[in-house]
1. Which is within 21 Å of residue 13 (Cα to Cα), part of a strand (DSSP E or B) and touching a strand residue (DSSP E or B) at 6+ places or on another chain (Cβ under 7 Å), of 294, 190?
2. Right, residue 145: farther than 28 Å from residue 14 by Cα and over 16 Å from the mean Cα position of the chain (by Cα) or not?
3. Given the conditions (1) without any contact (Cβ under 8 Å) to a residue 60 or more places away in the chain; (2) crowded, with 22+ Cβ neighbours inside 10 Å, which single one is not true for residue 189?
4. So in segment 203-226, with the set limited to residues that are over 21 Å from the mean Cα position of the chain (by Cα) and not in a strand (DSSP E or B), which one is surrounded by the most Cβ atoms within 10 Å (Cβ to Cβ)?
5. Taking segment 245-266, which residues are more than 30 Å from residue 143 (Cα to Cα) and buried (at least 23 other Cβ atoms within 10 Å of the Cβ)?
6. Check 9, 64, 53 and return the single one that is closer than 15 Å to residue 160 by Cα, modelled with pLDDT of 95 or more and in a loop (DSSP other than H, G, I, E, B).
7. If I filter segment 69-80 down to residues being out of contact with any helix residue (DSSP H, G or I) (no Cβ under 7 Å at 6 or more places or on another chain) and surrounded by 13 or more Cβ atoms within 10 Å (Cβ to Cβ), which single residue comes out as farthest from residue 39 (Cα to Cα)?
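The values are calculated or read from the model by the stated rules, or taken from the named source; none is laboratory data. Remember, predicted model here, so these are calculated numbers, not experimental data. Every residue, glycine as well, gets a Cβ built from its backbone with ideal geometry; the counts of neighbours run over all protein chains shown.
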């Protein structure tokens, strides 16, 4: 059984699907499991009817984890700059051999924005950060052990599943409470630290402190909710299309009828990768993020 709250997928927007597949299948070594036009009813369920028919692909880690990476082709949004707007900010993947990834990424569509680096006081994992072909932020994290309050998954393939998604929000506490109260998730600890990605994006001092909180289920981390500075923007997007960058996250829910959310359209059973006949529906989260919920029983 897939546990309640499991991250079942992340969707990123790319300007050229072939280049996106080359990046995620060729460079990150995810398996390509589906390619074709985006179904109109699925696009409509996301509130993005103008994305219907767009070229899209579905990929999955070689480990066979229940997590799918989806790519949808659409034109870039000229004003989009990563890590400066509310919504999904990054997908964190668990990987093997993080210090070998800079060499593997050389000449690819991924640009390194943060080299592999041990964080002060955190010896459980070593992260690095890259931007993909659609300016989506992807963290490649090698896990070495669990944290005091969280279990972190060690990769079972060179690139494995998404185990944390990062959300930029104007009100961290209210957002965390929304996920806990409406989706039956648990509030985790609050961390305060100088956040390199945020400080660089906004031109803040290196020692500027950001508060972040984990929302999870038991010891499983799910959503890292970051308090973003007042100058953060509402993410612009093309009318009735997906947001640029990290566009949508899919979470497993035990019972969709127990989710206290406003559906864009009523949940329905869906076929194909990720869904496999399960009911799914999408809502907007408190930071305007597209959140797809998949019923796993």
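1. On the way: 190 fails: within 21 Å of residue 13 (Cα to Cα).
Selected residue: 294, the only one of 294, 190 that is within 21 Å of residue 13 (Cα to Cα), part of a strand (DSSP E or B) and touching a strand residue (DSSP E or B) at 6+ places or on another chain (Cβ under 7 Å).
2. On the way: farther than 28 Å from residue 14 by Cα: yes; over 16 Å from the mean Cα position of the chain (by Cα): yes.
Judged against the criteria, residue 145 is a match.
3. (2)
4. Step one: list which residues in segment 203-226 are over 21 Å from the mean Cα position of the chain (by Cα), which gives 203-209.
Next, only the ones that are not in a strand (DSSP E or B) stay: 203-208.
Details: 203: 8, 204: 16, 205: 8, 206: 8, 207: 8, 208: 13.
Taking the candidates together, the pick is 204.
5. Our first condition is that a residue be more than 30 Å from residue 143 (Cα to Cα); within segment 245-266, this holds for 255-266.
Result: no residue meets the conditions.
6. Working: 9 fails: in a loop (DSSP other than H, G, I, E, B); 53 fails: closer than 15 Å to residue 160 by Cα.
Step by step, each of 9, 64, 53 is checked, and only 64 is closer than 15 Å to residue 160 by Cα, modelled with pLDDT of 95 or more and in a loop (DSSP other than H, G, I, E, B).
7. Just the residues of segment 69-80 that are out of contact with any helix residue (DSSP H, G or I) (no Cβ under 7 Å at 6 or more places or on another chain), to begin with: 70, 75-80.
Filter once more, keeping what is surrounded by 13 or more Cβ atoms within 10 Å (Cβ to Cβ): 70, 76-77, 80.
Numbers: 70: 13, 76: 21, 77: 22, 80: 26 Å.
Among those residues, the one meeting the criterion is 80.
Rundown of residues vs (1) under 29 Å from residue 75 (Cβ atoms); (2) modelled with pLDDT of 95 or more, yes/no style:
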site	(1), (2)
189	no, no
203	yes, no
209	no, no
243	yes, yes
260	no, yes
266	no, yes
283	yes, yes
